[in-house]
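Enquirer: Okay, handing you the structure first.
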Amino acid sequence: MVALARSHVIVPQSTDADFKADVIAGLSATPKHLQAKYFYDGTGSQLFERITDVPEYYPTRTEMKILRDHAADIAKLIAPGSALVEFGSGSSKKARILLAAAPPLAAYVPVDICGEMIEQEAIDLQPDFPHVKVLPVTADICFPFELPAEAKAAPARVGFFPGSTIGNFEPHQAAAFLHNAAGILGEDAILIVGIDLVKDIATLNAAYNDAAGVTARFNLNLLTRINRELGADFDLATFSHQAFYNRERQRIEMHLASRVRQQVSVCGRGIEFRAGETIHTENSYKFTVESFGALARGAGFTPLAAWSDPLGYFSVQALAVSNQ
């Protein structure tokens, strides 16, 4: 069979100017912070894929097992001819499970801020699914974006947001993302979301402090990117990775801590750091099935189904766009 043609849609959202403005604003704030979406340059995306393979990082392998074990049940929610839209796709390894189980689809639309990675993933994926148009979109999923014409014309759209990436948003941002996703997918759409569940603190802390130090390199790569793209002079040897569970807020926090008192130049501005002062780089909120259901309902979705692993570490949720 001949593979269907693949098109590419570019939807710029976060520009170089946005990156500069966000970095300056974040490093000038008290406390200092940076947006987690900027982790994902080419190197950062590759490092994250390595994180998913370290022994301590349970979310990826647990979610993939849930998807494999319940692929037939999930597929029953997908209408033939639908377009599968993956938000923040990165690697396509989870989407492959759905693509293999689903009825014939009109298109698969991976959406990610790192265009380089999804371009290559699309090239690798297409020969394995020759009857599905693979239409990558480079976009910031935090903002509205246009779907390719083939996806818009499909009789239905199914969103896919795995990896508990929704936990990286503040609660109000997560609600805003869900509301935005509902608008992009349209009425009668389904959204399949992966969420990390509340569990024992030792397991959570170990997942973000792997012995091989891959997560630390991922975190520090953000400073490397700022050095390269904004002409900063961060000395990575003077910063260390910190990650810990905040029980009160039910989230993992990641920080970069300055080992010494120092001044760093960013875009010609001097940024002062006290010894021990941190840059807050990421949160990863943990949910219960009930708390996520409440969040989804508040954002215009109706929970349809939930699947979890035997240990209760992770859950895959199916939501329907509420027709209000």
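The values are calculated or read from the model by the stated rules, or taken from the named source; none is laboratory data. Small disclaimer: the values here were computed from a predicted structure and weren't measured. Note: ideal-geometry Cβ built from the backbone for every residue, glycine included; neighbour counts use all protein chains shown. When the accessible area is computed, the model is the full protein with side chains, heavy atoms only, and any ligands, DNA or RNA have been set aside. Shrake-Rupley method; radii C 1.70, N 1.55, O 1.52, S 1.80 Å.
Enquirer: Tally the DSSP beta bridges in the chain and give the antiparallel ones as a percent, rounded to 5.
Expert: 60
Enquirer: Set the Förster distance to 45 Å, then compute FRET efficiency between GLN263 and ARG61 from the Cβ-Cβ distance, nearest 0.05.
Expert: Efficiency, from the Cβ-Cβ distance: 0.60.
Enquirer: On alpha-carbon atoms, Rg over Rh for segment 164-276 using Kirkwood Rh?
Expert: 1.07
Enquirer: Also, I was wondering about something else. Given points 7 Å out from each Cα along the Cα-Cβ axis, report the ASP235 to SER322 separation in nanometres with one decimal.
Expert: Distance between label points: 5.5 nm.
Enquirer: Next question, about the same structure. Explain nothing, just compute: Karplus ³J(HN,Hα) = 6.51 cos²θ - 1.76 cosθ + 1.60, θ = phi - 60°, for every residue of segment 306-320 in order, whole Hz, x for Gly and Pro.
Expert: Here the 3J(HN,Hα) series is 9, 10, 9, 7, x, 7, x, 7, 8, 9, 10, 10, 10, 10, 10 Hz.
Enquirer: Using each residue's phi in segment 115-127, evaluate 6.51 cos²θ - 1.76 cosθ + 1.60 at θ = phi - 60° and report the 3J(HN,Hα) Karplus result to the nearest Hz, with x for Gly and Pro.
Expert: Each residue of segment 115-127 in turn: x, 4, 5, 6, 4, 5, 4, 5, 4, 6, 7, 3, x Hz.
Enquirer: Rounded, prolate or oblate, given the Cα gyration tensor of segment 53-199, with a/c below 1.5 counting as rounded?
Expert: Rounded, since a/c falls under 1.5.
Enquirer: Given 0.36 nm per residue, what is the gain on full extension from ALA202 to PHE143 after removing their alpha carbon distance, in nm?
Expert: Roughly 17.7 nm would be gained on extension.
Enquirer: Under a point spin-label approximation (7 Å from Cα along Cα-to-Cβ), what is the LEU311-ALA71 distance to one decimal in nm?
Expert: Reported label-point gap for LEU311 and ALA71 is 2.3 nm.
Enquirer: For segment 243-324, report the translational diffusion coefficient in µm²/s to the nearest whole number, using Stokes-Einstein at 10 °C, 1.306 mPa s, and a Kirkwood Rh over Cα pairs.
Expert: 98
Enquirer: Starting from the coordinates of the alpha-carbon atoms of the chain, obtain the Kirkwood hydrodynamic radius over all distinct pairs and give the value in Å to one decimal.
Expert: 20.4
Enquirer: Here is a follow-up. Stretched out fully, how many nm does the piece from GLU277 to ARG50 gain, at 0.36 nm a residue minus the Cα gap?
Expert: Net length gain for the segment: 78.9 nm.
Enquirer: So if each residue of separation counts as 0.36 nm, and I subtract the Cα-Cα distance between GLU150 and VAL289, what length gain in nm does that give?
Expert: Full extension of this stretch gives 46.7 nm more.
Enquirer: A further question follows. Around PHE314, which amide H atoms from residues at least 5 apart in sequence, or from another chain, sit under 5 Å from its own amide H, with H modelled in the peptide plane?
Expert: LEU197, ASP309
Enquirer: I'd like the accessible area for HIS280, computed on protein heavy atoms only with a 1.4 Å probe and all protein chains in place. Round to 10 Å², please.
Expert: HIS280 exposes around 40 Å² with every protein chain in place.
Enquirer: Rounded to the nearest 500, what is the chain's calculated 222 nm mean residue ellipticity when only DSSP H runs of at least 4 contribute -39500 (n - 2.57) each, over all residues?
Expert: Calculated from helices alone, the mean residue ellipticity at 222 nm is -10500 deg cm²/dmol.
Enquirer: Using a probe of 1.4 angstrom, how much of the accessible area of segment 173-324 is carbon and sulfur, in percent?
Expert: The value for segment 173-324 is 50 percent carbon and sulfur by accessible area.
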